[in-house]
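**Q** Quick one: the structure is below, and I'll ask about it shortly.
The values are calculated or read from the model by the stated rules, or taken from the named source; none is laboratory data. Quantities reported herein were computed from a predicted structural model and do not represent experimental measurements. Ideal geometry is used to build each Cβ from the backbone, glycine not excepted, and the neighbour counts take in all protein chains shown.
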Amino acid sequence: MGFLDSLKAKLAPAKEKVSDLAQQHEGKIDQGLEKAARMVDQKTKGKYSDKIESGTGKAKDALGRIAHKDDGGTSTTPPAPPAS
């Protein structure tokens, strides 16, 4: 067994735990992402709104994949409304 195989085997339980926690708290994490995005957008006075929106969307997609990996990786979280 190679080093990477050994490392993957040791990290498997942690990966499962992260997936379970992401699924249980997906709504709270989603709200936190939205709140952080709004705060950063306000602090930058909207200068980077498109990049913030894009990054938030990618983070939500990743969260959905992690939380719903057992059911095909689709998230039930509706898309976020555009930042104003």
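**Q** For segment 28-49, enumerate the residues that are closer than 15 Å to Ala67 by Cβ and exposed (fewer than 10 other Cβ atoms within 10 Å of the Cβ). Lay out the reasoning, then the answer.
**A** Pass one, segment 28-49, residues closer than 15 Å to Ala67 by Cβ: 28-33.
Passing the criteria: only Lys28.
**Q** In segment 1-21, what residues are more than 25 Å from Gly64 (Cα to Cα) and touching a helix residue (DSSP H, G or I) at 6+ places or on another chain (Cβ under 6 Å)?
**A** The answer is none; no residue qualifies.
**Q** So, one more: Quick check on this structure: which one of Gln42, Gln24 is polar (S, T, N, Q) and modelled with pLDDT of 95 or more?
**A** Gln42
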